[in-house]
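Some notes on the structure that comes next.
The values are calculated or read from the model by the stated rules, or taken from the named source; none is laboratory data. Only a predicted model underlies this, so the values are computations on that prediction, with no experimental measurement involved. Ideal geometry is used to build each Cβ from the backbone, glycine not excepted, and the neighbour counts take in all protein chains shown. SASA here: full protein model, heavy atoms, side chains in, ligands and nucleic acids out. Shrake-Rupley method; radii C 1.70, N 1.55, O 1.52, S 1.80 Å.
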Amino acid sequence: MPIKNGSQYIERINKQNLNLWYKGKKLTGPYSEHPLFSGLMKTQAALYDLQCEPEYKDRMTYPSPLTGEPVGISFLPPVTVADLKKRKEMIDLWSAKHHGFLGRSPDYMNTALMSLYTAADILEEHNPAHANNLRNYYAYCRDNDITLSHAFIQPSACKLSGQVDSIEDSIAAKVIEINDEGFVVSGAFMMATQGVTCDEMLVFPSPSITPIEDKNPYAFAFSIPNDLDGITFICRESNASEYLYDHPLSARFEEMDTLVIFDHVLVPHDRMFYYGDENVGYRLFTDGNFHTHIGHQIVSRYIAKTEFFLGLMESLAQEQNVSFDPNIVGQIAQIMTKLETFKALRIAAEEGSQKNEFGYCVPASSPLLAASIEFPKFYLEMVDMIQRLGSSGIIMIPSEADLSSEVGGYVEKYLHGLETTAKDRIALFRLAWELGAGAFGGRQSQFERFFFGNAQTVNFRMFNSYDNHEDYQQLIQNFLGTQKKITEDQDLINHYER
Ligand SMILES: Cc1cc2nc3c(=O)[nH]c(=O)nc-3n(C[C@H](O)[C@H](O)[C@H](O)COP(=O)(O)OP(=O)(O)OC[C@H]3O[C@@H](n4cnc5c(N)ncnc54)[C@H](O)[C@@H]3O)c2cc1C
């Protein structure tokens, strides 16, 4: 099946029967009717509907090279700058719908899989069957519009255990047996955002190193359906809501994060993409330009989210009649400056793109890395601006039920604005509260800080994207007229690469 629409998305998720837990109770489907997932699934279904609308189909799809049927442009491996721009346009159309609040809108993982696919050639030397597996799986996801989540990061107990315990005792994610049917895998992953609301999961841990082993059992990547035997999902506490007025963001965009446990899960042979050599996994990331392609998807989300904050700041200022206060103008100008910066960085990445050794067009990485370092910091500044401008208004926000109750008259009399009814004014402040002071906003802040790696790792990605550190040092030597030997600590750089 080529591109799917919203009902087909929902139908497939509802068919799954997961071992899914929330607050000590096992949850059963259909998940689209469960308050934990219904709002998010409606939003995601609307994204899939959009790509099927005649008005948008041309901008959101391209013919599958296998079947000629329309498939999502976020799967398109870019070969030209025009392809990059097509991808951007498609991603922008979805971002404009979710305003950057869906960190895992399907184009994120479609892009991730596309990037790994572009490096499938490197698997030929390692294991040609695995190269085929990756290519076939990519084509399967593209031609069937599979919705993917991913599990890369392990709990700290597992990361530590992989480094210090024997392979037998270790609780790090590992292959414990290989048999005729496939690879038996056990372990745990800290976070699969949208694990439940996707069809399948890409699993790709950062492996512990085992120098004594012939094959490193911690080094592998595969993708599987969510409902295989032995997989357990444990949900974090939910912020989801059924009330659009009271919780305008979490009623639409609450992406559940799950702890995923693998207990002797059988991964079929044709779903394994590499095994046994951590360097191969590392090269899939680097030669596939994983962080760069993903960075190009992410910057569209940053732009959409910054625009949303800009709109909210302007609306709160207008509502409180302080639009021309110099302090507020200064803050709004700061948001505008960053918005222009993110847009410019995206243009710089596209215009600076280059063909890689496999013939694919890769955006320039440094501008995208700059955006991925700047946005998480500025995001927190924008949250702070909302808190300060919202003041007590983002706390005293009676619910829709209050407004239609016996006390609704009091709320209307005392909480209206200069030109707005209490209902409209409270709607605006409830939005500011969710973003600036509520649990949904708290999770968004933590997501923006960490979803692309901890700050140290992201900084090293930027540091390593420059290969001419010596030139800059030489510039200073030339200026001072001194002559010091310039060296780089390559071990340190390698340590932070992954
Ligand atoms: C909301 C949310 C959703 C997520 N969704 C997903 C998902 O869908 N799939 C997935 O695989 N992962 C997901 N992640 C995980 C994310 O990728 C990780 O949080 C991130 O890579 C950081 O890893 P970690 O949490 O293990 O922390 P660590 O990297 O272990 O860091 C722990 C602490 O140590 C500090 N630290 C680490 N290294 C250094 C250093 N060298 N020097 C100084 N300080 C250091 C960090 O700053 C941090 O304070 C999600 C995370 C969040 C918060």
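Before moving on, here are some points about what is shown:
- Accessible surface of the stretch 202-250, 1.4 Å probe: 51 percent of it comes from carbon and sulfur atoms.
- Rounded to the nearest 10 Å², the accessible area of S405 at probe 1.4 Å: 50 Å²
- Net charge in the neighbourhood of E177 (other residues with Cβ under 14 Å of its Cβ; Lys, Arg +1, Asp, Glu -1) is -2.
- Those GluC sites (Glu not before Pro) in the stretch 137-183 that DSSP places in a loop and that have at most 10 other beta carbons within 10 Å: E168, E181
- Shown here are the Rg and Dmax of the Cα trace of the stretch 288-425, at 20.6, 70 Å.
- Label point at M396 placed 7 Å out along Cα→Cβ; residues across the stretch 321-347 whose backbone nitrogen lies under 17 Å: 321
- Accessible-area value, S186, 1.4 Å probe, nucleic acids and ligands omitted, Å²: 20 Å²
- Low-density loop positions, trypsin sites (Lys or Arg not before Pro), the stretch 304-372 - DSSP coil, at most 15 other Cβ in 10 Å: none
- DSSP-defined antiparallel bridges as percent of all bridges, the chain, nearest 5: 85 percent
- Projected-area average for the stretch 379-421 over all orientations - Cα convex hull basis, square nanometres: 3.8 nm²
- The stretch 290-334 and the stretch 242-280: distance between their alpha carbon centers, rounded to Å: 29 Å
- Centre separation in Å (Cα based) which lies between the stretch 409-428 and the stretch 78-128: 44 Å
- Legend: calculated FRET efficiency, S405 to L244, from the Cβ-Cβ distance at R0 = 22 Å, rounded to 0.05, equals 0.75.
- In the context of the full set of protein chains, the stretch 242-322 has a per residue accessible area of 33 Å² (1.4 Å probe).
- Translational diffusion of the stretch 74-169, µm² s⁻¹ [Kirkwood Rh, Cα pairs; Stokes-Einstein; 25 °C; 0.890 mPa s]: 155 µm²/s
- The relative contact order of the stretch 1-158 comes to 23 percent, based on Cα pairs under 8 Å that sit 6 or more residues apart.
- C-alpha long axis of helix 278-287 to longest principal axis of the chain, angle in °: 60 degrees
- Exposure ranking of E434, E374 by accessible area [1.4 Å probe, largest first]: E374, E434
- Normalised alpha carbon radius of gyration of the stretch 1-53 [divisor 2.2 N^0.38 Å]: 1.24
- Solvent-accessible area of D424 with every protein chain in place, 1.4 Å probe, in Å² to the nearest 10: 90 Å²
- The stretch 388-494: trypsin sites (Lys or Arg not before Pro) in DSSP loop, at most 16 other beta carbons within 10 Å: K484, K485
- Two-decimal Rg to Rh for the chain - Kirkwood Rh, Cα set: 0.99
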